[in-house]
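The values are calculated or read from the model by the stated rules, or taken from the named source; none is laboratory data. Keep in mind it's a predicted model, so treat the numbers as computed, not measured. Because the Cβ atoms are built from the backbone with ideal geometry, glycine has one as well, and the counts that use them run over all protein chains shown.
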Amino acid sequence: MRGTVDRIRDRWLIIPHVRVQWPETFPLNRPVRGQQGSDNPAIDPVRPSQQVLHKRVILIAMEGCRINENARALERAGYEVRIMSGLCDALEAARQSHPSLFIVCGGMTVTRTCLALRDTTNAPILALLTEASEADLLAILDAGADDCQPASIGAQEVLMRTRVLLRRRAR
């Protein structure tokens, strides 16, 4: 039996002398660009790394953490960002909005936050630590974080790690 992707590929226009490599997660209702012809392909494929697979991200800011740059970068990339200042607010938001990713930023309370989030949700958790010793990183990964980095990384790296975690989650 043929799969859904094969049936969709049969419906796409075949353009002579143009070889296009289609990603497996190609959107079904992508608009057609321009006229058909060998100079102008009918569909412009999007690389899977550029697709926003899920859009809802909750940033949890604990003590001593700057998250405004990260929030702006995520919003520019098309993510819906909610900023919470504590664990109770984040847990309530998780119950109501079912986010696809948590970004927890702070010091030693990140471990307790990751434990509480892991008990209530299975969404990926990216932990950003203000004080990043190896023992702290290992403790937070053991508490349930999917990725743990120092809080000093740039906003673009946070955006890339967000995309990676969501891409892994979608598999």
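Scanning the stretch 90-104 for residues that are touching a residue at least 24 places away in the same chain (Cβ under 8 Å) and of a type outside the set (K, R) yields A90, L91, A93, A94, S97, H98, P99, S100, L101, F102, I103, V104.
Only a single item in (1) under 18 Å from R56 (Cα atoms); (2) surrounded by fewer than 15 Cβ atoms within 10 Å (Cβ to Cβ) is not met by P150, and it is number (1). Residue under question is G144, and the condition is that it be closer than 24 Å to E92 by Cβ, assigned by TED's automatic domain parsing to the domain that holds L74 and modelled with pLDDT under 90; does it hold? In short, no. Checking each residue of the stretch 105-113 against the condition of being among the hydroxyl-bearing types (S, T, Y), surrounded by 21 or more Cβ atoms within 10 Å (Cβ to Cβ) and touching a residue at least 60 places away in the same chain (Cβ under 8 Å) gives no match. With respect to D89, is the statement that it is among the acidic types (D, E), surrounded by 18 or more Cβ atoms within 10 Å (Cβ to Cβ) and farther than 19 Å from R168 by Cα true? It is false that D89 is among the acidic types (D, E), surrounded by 18 or more Cβ atoms within 10 Å (Cβ to Cβ) and farther than 19 Å from R168 by Cα.
If you go through the stretch 119-141 and pick out every residue that is surrounded by 15 or more Cβ atoms within 10 Å (Cβ to Cβ) and out of contact with any strand residue (DSSP E or B) (no Cβ under 7 Å at 6 or more places or on another chain), you end up with 2.
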